[in-house]
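First up is the structure itself, then whatever we jot down about it.
Here, each number is a calculation from the coordinates, and none is a lab measurement. Since the model is a prediction, treat every value here as computed from it, not as a measurement. Here the Cβ positions follow ideal geometry from the backbone for every residue, glycine too, while neighbour counts run over all protein chains shown.
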Amino acid sequence: MAAENTFAFRGTYYHTPTYGSLDALRDVVLIVQEGKIVRIANGHEETAVQAEFGLAEVRRLKAGQYFVPGFIDTHVHAPQYLFTGTGTDVPLMEWLRKYTFPAECSFQDLEAARHRYLLLVKRFLANGTTTAMYYGSLHLQPNLVLVDSIERLGQRGVVGKVNMDRLSSDDYIENTADGLRDAEKFVTYTMGKKCSRIQPCITPRFIPTCTPELMKGLAEIAQKYGCHIQSHISECCGQVNCVREMHPEYASDAAVFEEMGLLTSRTVMAHGTLLTDDDIRHLARRGTAVSHCPLSNFMFGDAFFRVNHALSLGLKVGLGTDVAGGISPSMLSAQRMAVVNSRCIRAHKLAVSGGTTVTPEMEKDVITFKEALWLATVGGAQALDMADIVGTFEVGKEFDALLVDTNLSGTSGPFDVFEGEDDDQRFEKFINLGDDRNLIEVYVQGVCVKRGDEFLLDGSNVTKSAEEDSDRVMSAPTPAEPETAYVDLAHRADSSDEAASLDVGAAAEDGAPAPESESEPPTKRLRY
Ligand SMILES: O=c1[nH]c(=O)c2nc[nH]c2[nH]1
Ligand SMILES: [Zn+2]
């Protein structure tokens, strides 16, 4: 008898278990049960495996079709999707005031928020982003709508309510106590959903807009609930100079964050273009990751983030679109930008040398499309503390995957394939030239959430909406409660309410993180 929620695909799966290599699992049968990969067998074992799992069919991919792990975007500003592609004329600190704060503030209109966030999540899923680390906005309620939208459409997300209690505009700021109270409400609301795909994140916007009191209070909440943390670090000259003026007693942004208790193994810091080697080593010791956002670094960054150098110092690095500082929601675009960024570093070094000899030292920063794909999958999973759950095709991991079709020749697709091109060449073309048209199916936790133009879960798997359920905001259980249970998408996806309510699994490792235990004592203030 076939177990429920079991299916299998026979074909070629591309992934990057190690940095720099692209592995092809050619002609394998991959079996997914209850959202997880339970077996990867050779193609010739199809009949035996089919019988063993009682499968009515093993679906075979067509020639030119491949699976790749879903992309993990480690830095997106959800409300900024509203103006993505516009407002690129000013530096960061001015851009925040001119475009960003007014746009984010407008999400207080919850009807508008609901409409915009459904479009946002659909756009990201369509582009292959199965997991995103989202910044929300300042006000509590729109962030609940964001969480509901992610839940409803079946994406995986780490989501934060933005906190800011200084240096923002008068109508887009909170006082410290209210900010801390709402941050905790947001955490309990999100955890109270008991949805293993969605985790809350503590989100001090960046040092200029957060008082030490706020940052310390937020660190305490993160510790209490074992939450992820996200912020921006050493991102551009304007921001770094502002922090130096506000906090001359600290040597760097990293030193400030350290003192506030915000550097943990579940922290992701965006940008880091102006981090020193000492800063990087310190973040690495803490297990903190950097989200490399090459496109927005080109717009705002003033400097290059050197991926290979950071990795060589032991830092965890993921990739981010940084919508809307980055003007594309596509993680394929982010991968290409990461490659271009690395080649700009090489060109810069050559220019500085004043010569025409490219040295091995200059080559060190160059990354390939394979390394960029690693950043978009495994690197992101490591940054989000999900490396045992997603990022590659391995038994025991959850099936977050994209079905890529490279057969769309002519104007129906973004590139052409010529006679004699093999699978590896077709796949490379997809990474370098492909777009959402090539992504014909999108899977999260073993559930097809998008096929063709259709979002298959839309509206079928949402619990009570944020506005209907404001009581739950304060009454949700903390993760420490032993009876906490998490609902997997695989259980929800057969979309009957009955199945959804019956199939509630025991507390999942990924859903109920243990509080941080930082063993290293904080050292001196001026350094770290
Ligand atoms: O690219 C960025 N986008 C933002 O919204 C932001 N806020 C602080 N620093 C930022 N950088
Ligand atoms: Zn950002």
- prompt: Which of LYS364/LYS429; LYS216/LYS316; LYS161/LYS193 have a Cα-Cα distance over 21 Å?
  reply: LYS364/LYS429; LYS216/LYS316
- line: Per the Cα gyration tensor, segment 67-174 corresponds to an equivalent ellipsoid with semi-axes, largest first in Å, of 24, 16, 12
query: How high is the relative contact order of segment 235-351, in percent, with contacts defined as C-alpha pairs under 8 Å that are six or more residues apart?
result: 23
message: So, R0 is 56 Å and r is the distance between the beta-carbons of ARG39 and ARG244; what FRET efficiency does that work out to, to 0.05?
response: 0.50
Candidate lysines for bridging to LYS450, where Cα separation is under 19 Å - those fewer than 8 sequence places away on the same chain excluded: LYS36, LYS62, LYS122
message: Using amide H atoms built in the peptide plane, which far-off residues or other-chain residues are under 5 Å from CYS293 H to H?
response: HIS271, GLY320
Inverse mean reciprocal Cα-Cα distance (Kirkwood Rh) of segment 241-325, Å: 13.1
query: What fraction of the DSSP beta bridges in the chain is antiparallel, stated in percent and rounded to the nearest 5?
result: 45
- request: Report, by chain and number, residues whose modeled amide H sits under 5 Å from the one on HIS75, excluding near sequence neighbours (fewer than 5 apart, same chain).
  value: MET133, THR321, ASP322
- line: For the chain, inverting the pair-averaged 1/r of distinct alpha-carbon atoms gives a Kirkwood value in Å of 23.5
- line: Computed from every Cα-Cα pair in segment 241-291, P(r) in 10 Å bins starting at 0 and rounded to whole percents is 26, 58, 15
- request: Would you grab the residues whose amide H sits under 5 Å from the one on ILE233? Only those 5+ places off in sequence or on another chain, please, with H modelled 1.01 Å from N.
  value: ALA270, GLY272
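To make sure I understand, if each residue's beta carbon is the centre and we count other beta carbons within 10 Å, what order do ARG205, ARG244 fall in, fewest to most? Walk me through the numbers before you get to the answer.
Working: ARG205 24, ARG244 13.
Fewest-to-most Cβ neighbours within 10 Å comes out as ARG244, ARG205.
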statement: Using the Kirkwood radius over Cα pairs of segment 207-358, the Stokes-Einstein translational diffusion coefficient at 4 °C and 1.567 mPa s, in µm²/s and rounded to a whole number, is 80
Dimensionless Rg ratio for segment 321-400, taking C-alpha atoms and the 2.2 N^0.38 Å reference: 1.39
task: Along each of the three principal axes of the Cα atoms of segment 333-463, give the extent in whole Å, ordering the values from largest to smallest.
output: 62, 41, 27
field: Kirkwood hydrodynamic radius of segment 161-297, from inverse mean 1/r over distinct Cα pairs, in Å
entry: 15.2
- request: State, to one decimal in nm, how far the label point of ARG285 lies from the label point of PHE415, with both points 7 Å from Cα in the Cβ direction.
  value: 4.3
message: I need the semi-axes of the equivalent ellipsoid of segment 1-93: take the C-alpha gyration tensor, multiply each eigenvalue by 5, square-root it, list largest first in whole angstrom.
response: 39, 17, 12
